[in-house]
Amino acid sequence: MYRYDSTDQQLIDERVSQYRGQMARHLAGELSDDELRPLRLQNGLYIQRHGPMLRIAIPYGMLSSAQLRKLAEISRRYDRAVGHFTTRQNMQLNWPQFEETPEILAELASVEMHAVQTSGNCIRNITSDHFAGVAPDELVDPRPYCELLRQWSTFHPEFAFLPRKFKIAVNAAAQDRAVIRAHDIGLEVISDERGEIGFKVLVGGGLGRTPILGKVVREFLPRRHILSYLEAILRLYNRYGRRDNMYKARIKILVQALGIEEFARQVEAEWAHLRNGETTVTDAEFDRISGHFEPPAWEALPVEDPVHSARLATDKAFANWVKRCVHAHKTPGYAAVTLSLKAPGVAPGDISEAQMIAVADLADRFSFGELRVSHEQNLILSDVRLGDLHELWQLARGQRLATANIGLLTDMICCPGGDLCALANARSLPIAAAVHDKFDDLDYLYDIGDISLNISGCMNSCGHHHVANIGILGVDKNDEEWYQITVGGQQGNSATIGKVIGPSFYAQEVPEVIEALINVYLEQRTASERFIDTWQRVGADPFKARAYAGRDRRRTAKVAGKDSNIKEIVNA
Amino acid sequence: MPRIIKHMQVIEDHWQMLTLAEGETPEAVALPAEPTLLPLAVWLLRRDEIVAAGLELGVWLDAGEGPEALADDLERLPVIGVNFPKFTDGRSYSSARLLRERYAYHGEIRALGDVQQDQLFYMRRCGIDAYAVRADKDIDKALAGLAVFSETYQAAVDQPQPLFRRRAAHRQEAA
C-alpha cells in the first residue's frame with residue numbers, strides 16, 4: 001500500500017498544527033461556532049445528536065494492521081472502544097471529546113492517517129473496489145489512480161469551498177464494485193484499442209434527495225490527462241453549481257440543467273486551456289505510485305488445496321462461510337475473505353476495540369499485514385492461502401466476525417440513523433436489529449439467496465437505500481418515524497435506482513413488509529432467479545399488493561407512538 | 001486608516017470599496033475622487049467616462065461575476081477585487097486563478113468580503129496577493145494564515161509545478 005514520504009508526512013503534521021490552532025482560537029473566543037464549523041468539518045468533526053462525531057479517512061479503504069491497531073487504541077483512549085465503518089470506506093468515532101480531537105488527529109498522523117476532507121463541501125475520500133489488486137476480473141490495479149487523486153484533491157486551493165460535497169470513485173474491474181454511477185464523478189479504468197490505459201469518465205451521479213445515475217461525459221480520457229480534465233469539471237462546478245439551495249447544489253443538478261451534451265461541451269472548452277500543462281501526469285509519477293502497490297510475496301501454490309477441499313466436503317458450517325465470505329483471487333491458491341461486520345445484535349459496520357486488535361492480528365498472520373474496508377461496511381483480508389481458510393474461520397468465529405451472510409438479506413448497509421446522527425429523520429439501527437430478529441435462520445437466508453437490503457435514516461441516503469433491492473428510508477411525519485420502501489434498486493454494472501412502492505410504513509410493520517416482499521419472490525421465482533430478477537420479470541404489482549394487504553394506514557398510525565420500543569413490538 | 005495584508009505584511013491602505021446602496025444605480029452613482037474599487041456594473045457602463053476623467057479606480061468582481069467581463073480592460077486596472085460574500089463561497093478562488101493563469105493579469109488581486117485567516121493560504125495559491133481581512137478579526141494574527149503548509153501537491157499560481165514533477169527532480173538530483 002502507499003507509504004508516505006517525508007513531504008506527505010510533513011503536510012499531514014502541518015494539518016494537525018493548523019487544526020490545533022483553530023481549536024485553540026475557538027476556545028479562546030476568537031472563532032465563533034459558525035466560523036469554526038467549516039474548518040472542523042474539513043477535519044471530519046461533526047457535532048451530532050449526543051455530541052461530536054469524528055470521521056477518519058481511510059483512503060480507498062486500505063488499512064495496514066498497524067493503522068488498525070492505532071484505531072483500536074484511539075477508540076479505547078478517546079471513545080467508547082468501538083468504531084463504525086461507513087459507505088465511503090471511512091471510520092467514524094461516535095463519542096470523542098470535542099477538546100481531544102486535535103490529539104486524535106496527531107495520533108492518526110503518527111500512522112500516516114488523517115481526517116482531511118471527510119466532510120465539508122470539498123472533494124471527499126476517494127473510494128474504490130475492495131478487491132483492488134487481487135480481483136480476477138480487473139484490468140489493472142485502480143489504487144495508484146486513487147492515490148494520485150488523493151494527493152491532488154488534498155488541500156486543493158481552488159476547490160475547498162464547492163457548492164456541495166464532491167465524491168469520486170474508481171473502478172478498474174469488469175464488475176463495478178465501487179458504485180461509480182452513484183458518484184459525482186465515476187471513473188472506469190479502461191484501455192483503448194491500442195492498449196493505452198485511460199478512463200471512461202461519468203459525471204453527475206449521486207443518491208440523496210434526488211437520486212440520479214452518472215452519465216458518460218467522456219468515453220476515453222488518456223490517463224495522463226486525468227488531473228487537468230477533473231480540474232475542468234470541478235472549475236465548472238465551482239463557478240456555476242447552484243449555491244442558493246443546498247438540495248440543488250450537487251453537480252448532478254448542474255449536469256441535469258445543462259444536459260450532458262452541453263455540459264460535456266463546456267468541460268471540453270475549459271479543458272482546452274488546461275490540457276497538456278504542468279498538471280499532465282508523468283509516466284514517472286504513475287510508476288512511482290504504482291511501486292507502492294506491488295503485489296505481496298505470493299507463494300507459488302496449486303489451484304486447489306486438497307486439505308481445504310476435504311474440509312469443505314465435511315464441515316457444512318465452514319462450507320457455508322466459504323460460500324458467502326470467501327471470494328476468488330487472481331493468484332492460484334489464494335482467496336480474498338470478507339469478515340462480516342453484520343452479526344446479529346451489532347449495529348451494521350460497527351467494530352469493537354477487541355475485534356480491531358484481533359483483525360490486525362489476523363491480517364498479520366494470514367494476509368501480509370493489510371486489509372480493506374468495503375463500502376458495504378465489512379472488512380476484507382485480500383490474500384489468504386486456501387490452506388489457511390479453516391483456521392482463519394475458526395479464529396474469526398471466535399470474534400463474531402464470521403457470520404456467513406455476505407450478500408444475503410442481513411448483510412445490510414445501514415447508516416447510524418436517528419440514534420446518533422443529528423440529520424436523521426428516523427432511527428435505522430432498530431430496523432436493522434428487527435430484520436436480524438425476523439430473519440435469524442441462516443438456512444432460510446441461504447434459500448432467499450442474493451439480495452441487498454439497505455437502510456438510510458434520512459434523505460441524505462448515507463445507507464445507499466436507492467441502490468438496494470429493498471431500500472428503507474426513514475421519514476419524519478408529524479414527529480413520528482415512518483419508513484418508505486423502495487424496491488428494485490441495484491449496484492454494479494446495471495446500477496438502478498429503486499422505485500418507491502407506495503405510502504410509508506410504521507416501524508413495526510417494516511419487517512413484515514420485507515417478509516411479504518420476499519414471499520412474493522419465493523413463490524414466483526424460477527430456479528435461477530435472484531430477487532432482483534423476479535422483480536424485473538413480474539413487475540411491481542404483485543409485490544405492492546402483498547406489501548399493503550390488510551394494512552390500514554390511519555389505524556396503524558394510532559397504534560404506537562414515537563417513543564414505543566420498536567424491538568419489543570417486533571418481537572411481540 | 002484601514003489596514004490590509006499585502007506582500008505578506010500588514011500595511012495601511014487607502015483603497016475603498018464602493019457598493020451600491022438601495023436606490024443607487026450604476027448609471028447615476030457618483031464616481032468617487034479617491035481610489036475606489038467599483039462594482040463591475042458601474043465599470044462596464046461608464047468605462048469611457050472613468051478613463052477620460054483619469055480617476056484612480058479599480059473594479060471588484062462579485063462571487064458570481066467571472067473575470068471574462070474584464071478581459072479587455074486588465075491593463076487599465078491596477079487593482080481587481082474578488083469578493084467572498086461568505087467564508088464558504090469558493091467561486092472567487094476560480095476567478096483569481098483565471099485572472100492570473102488565463103488572462104495573465106499582473107496587477108493586485110484583492111480578497112474582499114468574508115476574509116479570514118483560514119482562507120489566506122488557499123487564496124494566496126490562487127493568485128490573490130492582497131487581503132482585506134474582516135474588520136472584526138485581528139489582522140496581525142491572521143498573517144499566520146499565509147504560511148500554513150510548507151509544500152503543496154497541486155500546481156497553482158504560486159507554484160506552477162505540481163509536487164510530482166518536483167519530486168522527480170529531487171530524485172534525479174539525489175541519484
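Segment A:353-448 holds helices (runs of 4 or more DSSP H) entirely within its bounds, and those carrying 1 or more residues that are within 27 Å of A:PRO136 (Cβ to Cβ) map to A:353-366, A:389-398, A:442-448. Taking segment A:218-229 as the range and being under 24 Å from the mean Cα position of the chain (by Cα) and away from every other protein chain (no Cβ under 11 Å) as the test, only A:ILE226 passes. If you check B:LEU143, B:LEU112, B:LEU163 for being open to solvent by less than 20 Å² (accessible area, probe 1.4 Å), of a type outside the set (Val, Ile, Thr) and in contact (Cβ under 8 Å) with a residue 60 or more places away in the chain, only one passes: B:LEU112. Any residue in segment A:299-306 that is in contact with a Leu (Cβ under 6 Å, 6 or more places away or on another chain) and β-branched (Val, Ile, Thr)? No, there is no match, as no residue in segment A:299-306 is in contact with a Leu (Cβ under 6 Å, 6 or more places away or on another chain) and β-branched (Val, Ile, Thr). Is it true that some residue in segment B:144-164 is more than 12 Å from chain A (Cβ to nearest Cβ) and either out of contact with any strand residue (DSSP E or B) (no Cβ under 9 Å at 6 or more places or on another chain) or acidic (Asp, Glu) (or both)? No, segment B:144-164 contains no residue that is more than 12 Å from chain A (Cβ to nearest Cβ) and either out of contact with any strand residue (DSSP E or B) (no Cβ under 9 Å at 6 or more places or on another chain) or acidic (Asp, Glu) (or both). The single condition among (1) buried (at least 19 other Cβ atoms within 10 Å of the Cβ); (2) within 8 Å of another protein chain (Cβ to nearest Cβ); (3) not acidic (Asp, Glu) that B:TYR131 does not satisfy is (2). Filtered by the rule that a residue be over 9 Å from the mean Cα position of the chain (by Cα), assigned to a loop (DSSP other than H, G, I, E, B) and among the acidic types (Asp, Glu), segment B:97-152 gives B:ASP114, B:ASP136, B:ASP138, B:GLU151.
If you go through segment A:1-24 and keep only what is out of contact with any Phe, Trp or Tyr (no Cβ under 8 Å at 6 or more places or on another chain) and over 16 Å from A:LEU105 (Cβ atoms), you end up with A:ARG3, A:ASP5, A:SER6, A:THR7. For residues that are without any contact (Cβ under 8 Å) to a residue 60 or more places away in the chain and open to solvent by 50 Å² or more (accessible area, probe 1.4 Å), scanning just segment A:485-510, find the one that is farthest from the chain's Cα centre (by Cα). Among those that are without any contact (Cβ under 8 Å) to a residue 60 or more places away in the chain and open to solvent by 50 Å² or more (accessible area, probe 1.4 Å), it is A:PRO503.
Per-residue answers, yes or no, for (1) under 24 Å from B:ALA104 (Cα atoms); (2) in contact with an Asp or Glu (Cβ under 7 Å, 6 or more places away or on another chain); (3) hydrophobic (A, V, I, L, M, F, W, C):
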position: B:LEU120; (1), (2), (3): yes, no, yes
position: B:ARG125; (1), (2), (3): yes, yes, no
position: B:ASP136; (1), (2), (3): no, no, no
position: B:LYS141; (1), (2), (3): no, no, no
position: B:LEU146; (1), (2), (3): yes, no, yes
position: B:THR152; (1), (2), (3): yes, no, no
position: B:VAL157; (1), (2), (3): yes, yes, yes
position: B:GLN161; (1), (2), (3): yes, yes, no
position: B:PHE164; (1), (2), (3): no, yes, yes
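Pairs linking a residue in segment A:134-161 that is farther than 23 Å from B:THR88 by Cα and touching a residue at least 40 places away in the same chain (Cβ under 8 Å) to a residue that is β-branched (Val, Ile, Thr) and open to solvent by 10 Å² or more (accessible area, probe 1.4 Å), with Cβ atoms under 7 Å and 6 or more positions apart or on different chains, are A:LEU139/A:ILE190; A:VAL140/A:ILE197. Taking segment A:246-258 as the region of interest, how many residues are within 14 Å of chain B (Cβ to nearest Cβ) and open to solvent by 30 Å² or more (accessible area, probe 1.4 Å)? Count: 1. So, A:ILE472, is that one part of a strand (DSSP E or B), open to solvent by less than 10 Å² (accessible area, probe 1.4 Å) and touching a residue at least 12 places away in the same chain (Cβ under 8 Å) or not? Criteria met by A:ILE472.
Picking from residues in segment A:162-203 that are more than 14 Å from every other protein chain (Cβ to nearest Cβ), in contact (Cβ under 8 Å) with a residue 40 or more places away in the chain and basic (Lys, Arg), the one that is farthest from B:LEU120 (Cα to Cα) is A:ARG177. Residue count for segment A:444-464, restricted to those that are at pLDDT 95 or above and open to solvent by 30 Å² or more (accessible area, probe 1.4 Å): 5.
From the list B:PRO32, B:PRO26, B:PRO78, the lone residue that is more than 13 Å from every other protein chain (Cβ to nearest Cβ), farther than 30 Å from A:PRO163 by Cα and open to solvent by less than 60 Å² (accessible area, probe 1.4 Å) is B:PRO32.
Checked against the criteria, A:LEU379 counts as within 19 Å of A:GLN92 (Cβ to Cβ) and open to solvent by less than 10 Å² (accessible area, probe 1.4 Å). Looking across segment A:390-419, just one residue is more than 18 Å from A:SER340 (Cβ to Cβ) and open to solvent by 30 Å² or more (accessible area, probe 1.4 Å), and that is A:ASP419. Applying a threshold of 7 Å to beta carbon distances and a minimum spacing of six or more residues, or different chains, the list of pairs starting in segment A:300-323 at a residue that is at pLDDT 95 or above and among the small types (Gly, Ala, Ser) and ending at one that is in a helix (DSSP H, G or I) and surrounded by 13 or more Cβ atoms within 10 Å (Cβ to Cβ) reads A:ALA319/A:LEU312. Taking helices (runs of 4 or more DSSP H) as the structural unit, those lying wholly within segment A:493-557 and holding at least 1 residues that are among the aromatic types (Phe, Trp, Tyr) and within 30 Å of A:VAL170 (Cβ to Cβ) correspond to A:531-538. How about segment A:9-20: which of its residues are at the interface with chain B (Cβ under 8 Å from one of its Cβ atoms) and buried (at least 17 other Cβ atoms within 10 Å of the Cβ)? Listed by number, the residues that qualify are A:LEU11, A:GLU14, A:ARG15, A:GLN18. Meeting the requirement of 1 or more residues that are farther than 30 Å from A:PRO142 by Cβ, the strands (runs of 3 or more DSSP E) wholly within segment A:35-80 are A:45-47, A:52-56. Checked against (1) at the interface with another protein chain (Cβ under 9 Å from one of its Cβ atoms); (2) of a type in the set (A, V, I, L, M, F, W, C); (3) within 25 Å of the chain's Cα centre (by Cα), A:MET1 passes all but condition (1).
The values are calculated or read from the model by the stated rules, or taken from the named source; none is laboratory data. As the structure is a computational prediction, the values presented were derived from the model and not from experiment. Note that we place each Cβ from the backbone using ideal geometry, even for glycine, and neighbour counts take in every protein chain shown. Note: areas computed on protein heavy atoms with side chains; ligands, DNA, RNA excluded. Shrake-Rupley method; radii C 1.70, N 1.55, O 1.52, S 1.80 Å.
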